[in-house]
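Okay, so here's the structure we're looking at.
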Amino acid sequence: MSGPTSQPIDPNGPLTDPLEFAAALSRSFAETQDIDATVREALGQIVKLLRVEAGAIFLLDELRTSLICRASVGPVDVTGLSVPNGSGVVGRAVVEDSIQVVEQAYQDQAFFAEADRKTGFVTRSILCAPMSVGHNVIGAVEVLNKQNGKPFHAEDQNLLRVMAASAALAISNARMADRLVAQERLQREVELAAEIQRHLLPAEEDESSPICGLVRPIQEVSGDFYDHFELPDGTIAFAIGDVSGKGLNASLLMSQTASLFRCLGKTVRDPARLMSILNREICETVSRGMFVTMVSGLYDPATGRLRFANAGHIPPLLRRPNQRSIEMPADSPPLGIVPYSKYETEEVDLNGAQFVLCTDGVTEYRFGDEELGTEGLDMLIDTARGKPLLQRLNAVVEELQRAGWRARDDLTLLAIDDAMAARTVEQRAEAERAEPDPSDFLFGLSFPADPKRLRLVRPALRAAAEACGFDENETDDVLLAAGEAIENIIVHAYGNRRGEIALAVHRMPDGLMLRIRDFAPNVDPAKIQPRKLDDVRPGGLGTHFIRAVMDDASFIPLPDGEGNLLELVKRKR
Amino acid sequence: MAVTSITEQSGRTVVALSGEIDMEEAPKVRRALLDSMKQKRDILVDLSQVTYIDSSGIASLIEGLQTARKQKNDLALVSVSQRARRVLELARLDKVFTIHADLPTALAAAKG
């Protein structure tokens, strides 16, 4: 056996050395992380060590108004008993932060005799030590009636004081560990919320796009958002918003608003109406006192026409080349305040101008007492003049940080540069003019000779026929002819055996040309003849359909063993 | 899913087809038609939901018609979609099949 200080804790035998007790207690707390179980175990050791009839450990509740019994040893279990802080011998020990020695319990005014009456226990003497860490008292440990009726010695007092201090330290450590775990969990939740928010923003900004945005949250989660997405007709829906307040609540409202905009923005084509719907939705769910300021609109890069509505947000900045910038103010209230607020749609012909939106985190950027304001932003926008839009927005933020301005809020910028759109439209027109080949190759496909592939080929063909300007019926006829040609190859050329089919689609000035090739032995075109139409029986119809719906269908001669090549042409009416 | 439902209505068997009926789907249509023939009832084929049909699909309908007539039943088409009508006309089969505008009309029509 080694010395007593290194002896492992023995739950059955009392520990005689207070130091050993303290060490064992800390170990026990560290191992179980169950405060109550360890408090019970500690109390058991104390009761055995001091040879008393009963004992209890009381801990202050969170408000420090009551002492709750967390463990009790003796003939009566008083666990859960609550004593107002300051009353009873226990309360006095806590309030005075001093050890209490009571030789005749019934002669002490503070003694709480009610417990004895209820339990039938007779308290004679009491020893009660405060449990404190530094000057912070967290509770007290109380022992009753020294065995054999003897009084408490000075040695008992010292022992209890030391053990109470050890227990206090161990409990305090265990609580801190609990708080750290809870904080860690909360931190993970905050990170998750931030992650969700990042997914609500446009995935990645395209440098060549005429619309770009950025957001710099001051905390992990943000009350700001922006979004933009292209609608099927090429129009771009956009929005920027700022939720009142900060932290998780603001970010949840932001997430709600952003996802509502994503949904509604795809179908509601009037910005004022969109705002009204958003406003009603947000009014229904928002908690008191929170609101959202927002600008949302539609921008058509093909015409430069922009329509927007403003719900109490910072006025957008309209910057025409070689002209003073104009702020476009809003009279409508923010979203989430009154359910039937009126919103109005404003219209601007951008005609090469810039349209800049921001949240107040930008205009309230501070340098000493000075605020950046809209004028400051107006000047900064030109920092990286001539660069792509996203670089210009990044330059604004970098310039603010470089010059030592201080952010007080989330910072969000969203800008439209119509001059860039005009360029891309021109580029598109140029690209279209640069199609000199009269039989322009659109796409080629190669696939196994399997009926299951037919449904995969049709959508691509449909897109090609539509791109060539065919109406719905003509497009359907092209699909029918191509399908029949491919089925003929599967059945006649390959005889339902495995093989490869290649399809090439060409655009012609007046229509469309398909080339369908197989690699089977040569087919005698004369043998594939349309059936007589009055002969009602399955089969033979496909070739008839091809000839009926296409303007030209011919086999192009290939060298022996090279397979068959069918060319189909359809012209526009 | 080429064959959406097979139901019995007023003594006829109604076979509803839908989607794209090509070489892949046509065998399912053929099977469904020949199986429903065993009830020895007149057949109504609902084509309202057919978005594409080619010669394979038409061939299944023709085989169904021939089998029905052999056993003294009729096979008529109902609610023929625009696309299906175009293909039937191309095949000049629009005069071979009895075509009803909709199901109530077909059910009200005297048994052939």
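Scanning region A:541-569 for residues that are small (Gly, Ala, Ser) and either surrounded by fewer than 20 Cβ atoms within 10 Å (Cβ to Cβ) or more than 9 Å from chain B (Cβ to nearest Cβ) (or both) yields A:Ala548, A:Ala553, A:Ser554, A:Gly561, A:Gly563. Kindly evaluate A:Asn148 against the criterion of being surrounded by fewer than 19 Cβ atoms within 10 Å (Cβ to Cβ) and touching a helix residue (DSSP H, G or I) at 6+ places or on another chain (Cβ under 9 Å). Taking the combined requirement at face value, the residue does not satisfy it. Restricting to region A:298-317, name every residue that is touching a Phe, Trp or Tyr at 6+ places or on another chain (Cβ under 6 Å) and either surrounded by fewer than 20 Cβ atoms within 10 Å (Cβ to Cβ) or under 12 Å from A:Ala353 (Cα atoms) (or both). Selection gives A:Leu306 alone. Mind checking which residues of region A:41-80 are closer than 19 Å to A:Val137 by Cα and in a loop (DSSP other than H, G, I, E, B)? Selection gives A:Asp61, A:Glu62, A:Leu63, A:Arg64, A:Thr65. Of the residues making up region A:466-501, just one is more than 14 Å from A:Asp450 (Cβ to Cβ), more than 13 Å from chain B (Cβ to nearest Cβ) and in contact with a Ser or Thr (Cβ under 8 Å, 6 or more places away or on another chain), namely A:Glu466. Taking the stated definitions as given, is A:Ala194 at pLDDT below 85, within 23 Å of A:Val286 (Cβ to Cβ) and either part of a helix (DSSP H, G or I) or not hydrophobic (A, V, I, L, M, F, W, C) (or both)? Against the criterion (at pLDDT below 85, within 23 Å of A:Val286 (Cβ to Cβ) and either part of a helix (DSSP H, G or I) or not hydrophobic (A, V, I, L, M, F, W, C) (or both)), A:Ala194 qualifies.
Determine whether region A:524-538 contains at least one residue that is at pLDDT 90 or above, within 14 Å of another protein chain (Cβ to nearest Cβ) and over 23 Å from A:Gly563 (Cβ atoms). So that I can check it myself, show each step before the final result.
In the first step, residues of region A:524-538 are kept if they are at pLDDT 90 or above; the result is none.
The answer is no; no qualifying residue exists.
Each residue in region B:53-88 was checked for being of a type in the set (Ser, Thr, Tyr), in contact with a Leu (Cβ under 7 Å, 6 or more places away or on another chain) and within 12 Å of another protein chain (Cβ to nearest Cβ), and 4 pass.
Answer with yes or no whether B:Thr67 is surrounded by 22 or more Cβ atoms within 10 Å (Cβ to Cβ) and either without any contact (Cβ under 8 Å) to a residue 12 or more places away in the chain or farther than 23 Å from A:Asp476 by Cβ (or both).
On the way: surrounded by 22 or more Cβ atoms within 10 Å (Cβ to Cβ): no; either without any contact (Cβ under 8 Å) to a residue 12 or more places away in the chain or farther than 23 Å from A:Asp476 by Cβ (or both): yes.
The answer is no for B:Thr67.
Evaluated against (1) more than 21 Å from A:Leu214 (Cβ to Cβ); (2) over 27 Å from the mean Cα position of the chain (by Cα), A:Pro315 falls short on exactly one condition, (1).
Note on region B:11-52: among residues that are within 10 Å of another protein chain (Cβ to nearest Cβ) and aliphatic (A, V, I, L, M), the one that is surrounded by the fewest Cβ atoms within 10 Å (Cβ to Cβ) is B:Met23.
The values are calculated or read from the model by the stated rules, or taken from the named source; none is laboratory data. Nothing here was measured: the structure is a model prediction, and the numbers come from that model. Cβ sites come from the backbone with ideal geometry, for glycine too, and all protein chains shown count toward neighbours.
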